[in-house]
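The values are calculated or read from the model by the stated rules, or taken from the named source; none is laboratory data. In this text, all values refer to a predicted model and were calculated from it rather than measured experimentally. Please note: Cβ atoms are built from the backbone with ideal geometry, for glycine as well, and neighbour counts cover all protein chains shown.
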Ligand code: NAD
């Protein structure tokens, strides 16, 4: 094994960049630490301006060939990538869990099959993409979706390969070439994706992967004037930096950002279901952008809801994410754990009562934070308005539907909302009044790639999914042709 390769859970992973169809090293590396036990599992190439420029140049050179490749051939290669993902499902799941600490069974049964589905879905959608021609005084209007060019895709650590391929697949399907920069806390599966894409026959330079820190590799990529699209998933502060860099070149941006989503429980809700939905918000140790972390419960059912919730949540098994019986794994990194704990400490200082958890799990040590429920915070306090991104929920009560909606909409975010109610009429009224990119009524996390996905307010700019992805990753063109003389 060379110094540029790691063996993670028995699986070899090349830790260099992937540029123009070749592995490229950097002069330095950064350590990749597993949240499961705090061990360094890989030394990863630390890219900067030079690697960013090389990857963008590779993508620029590869663009005309890939853009001219007919749709059926592009779709065939994307399906071959999906086949490769399916073939390596177990390995991808194991590497991802070791790298980011999310549950192995979710990676194996849910996340990695969705990675393959991302490629299949956008390949098939491409084949049906189109608009009927229409006439203006005998002139034919023909709308086409032209590939845009080089797309820079920047992704976070909480669902690394799922979120990366949700961008890579439509960007490639649309005929673009790509430079992907995965998060430095979970860089490994992006490298495996490069192998899979090459094996599937994706031409050199069409997909490039640059590893490194956001402030170095990421900042260089988004500032490059040769880039035609930037799609970013991550935090609001980083989005501001990226938007400022993009503004200099007027590079079109898609931003999928944080949330502080509400979960509303009305007095007519099925309380068993409402409790299930609420406990589900601890999934991935609360590191889910869409998580409904603010439980808003009607006064009339709050006591019973709380009692049932605590009974269920205190039975959650915390531990090694590879163990089949584990419900809640570790948080990603010691800096992140300290951040999560800081929110909880300050909330307690401001008068919050801790109904569950409230600190690191000292039995397990390391990066495990106890599922936590806080209540009694003053309105407008930090814990009610800022995204924690850990296993920390808050509980507030309301008396009327109007109050519930006002509380739900009372942050600068608008990513998602979950509504538990037994009344279809109320569901319709409340959904219409909520400011959110996605509203789930009596369900959570049901996702369909045909649907628009994104956030209102500071939860994002733009939508991806189905046609919306192609609208973003393409230059739409209308060609108006006068009648041909007979
Ligand atoms: P982050 O903003 O710290 O980092 C995200 C990515 O941006 C990383 O790859 C990082 O290296 C890169 N980056 C950092 N600085 C950069 C810069 N100056 N220029 C270019 N790239 C830079 O976010 P994170 O901590 O990795 O992820 C957590 C956040 O992501 C949370 O806010 C979460 O809600 C959000 N998120 C949103 C969605 C969504 O779909 N809306 C999904 C998952 C996560």
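Among all residues of segment 38-50, there is at least one that is in the same structural domain as residue 212 (by TED's automatic domain parsing), assigned to a helix (DSSP H, G or I) and touching a helix residue (DSSP H, G or I) at 6+ places or on another chain (Cβ under 9 Å).
Any residue at all in segment 407-418 that is more than 13 Å from residue 261 (Cβ to Cβ) and in the same structural domain as residue 305 (by TED's automatic domain parsing)? Spell out the reasoning first.
First, pick out the residues of segment 407-418 that are more than 13 Å from residue 261 (Cβ to Cβ): none.
No; the residues of segment 407-418 include none that is more than 13 Å from residue 261 (Cβ to Cβ) and in the same structural domain as residue 305 (by TED's automatic domain parsing).
Looking only at segment 125-151, residues that are in a strand (DSSP E or B) and touching a helix residue (DSSP H, G or I) at 6+ places or on another chain (Cβ under 6 Å) come to 4 in all. May I ask you to verify whether residue 390 is outside the structural domain of residue 34 (by TED's automatic domain parsing) and at positive phi? It is false that residue 390 is outside the structural domain of residue 34 (by TED's automatic domain parsing) and at positive phi. Taking the numbered list (1) within 16 Å of the ligand (Cβ to nearest atom); (2) within 21 Å of residue 371 (Cβ to Cβ); (3) in contact with a helix residue (DSSP H, G or I) (Cβ under 6 Å, 6 or more places away or on another chain) in turn, residue 287 passes all entries but (3). Against the conditions (1) assigned to a helix (DSSP H, G or I); (2) surrounded by fewer than 24 Cβ atoms within 10 Å (Cβ to Cβ), residue 190 satisfies every one except (2). For segment 92-104, the count of residues that are on the phi < 0 side of the Ramachandran plot, in a helix (DSSP H, G or I) and surrounded by fewer than 17 Cβ atoms within 10 Å (Cβ to Cβ) is zero.
What is the residue count in segment 213-261 for residues that are under 21 Å from residue 386 (Cα atoms), near the ligand (Cβ under 6 Å from one of its atoms) and buried (at least 22 other Cβ atoms within 10 Å of the Cβ)? Looking only at that region, the number is 7. Listed by position, the strands (runs of 3 or more DSSP E) contained in segment 362-452 that have at least 2 residues being in contact (Cβ under 8 Å) with a residue 24 or more places away in the chain and closer than 30 Å to residue 165 by Cα are 392-398, 416-420, 438-441.
Would you check if residue 221 is touching a residue at least 40 places away in the same chain (Cβ under 8 Å) and not in a strand (DSSP E or B)? Break it down stepwise before answering.
Working: touching a residue at least 40 places away in the same chain (Cβ under 8 Å): yes; not in a strand (DSSP E or B): yes.
Yes; evaluated as a whole, the condition is true for this residue.
Here residue 208 passes the criteria (1) away from the ligand (no atom under 13 Å from the Cβ); (2) in contact with a helix residue (DSSP H, G or I) (Cβ under 6 Å, 6 or more places away or on another chain); (3) over 14 Å from residue 153 (Cβ atoms) except the one numbered (3).
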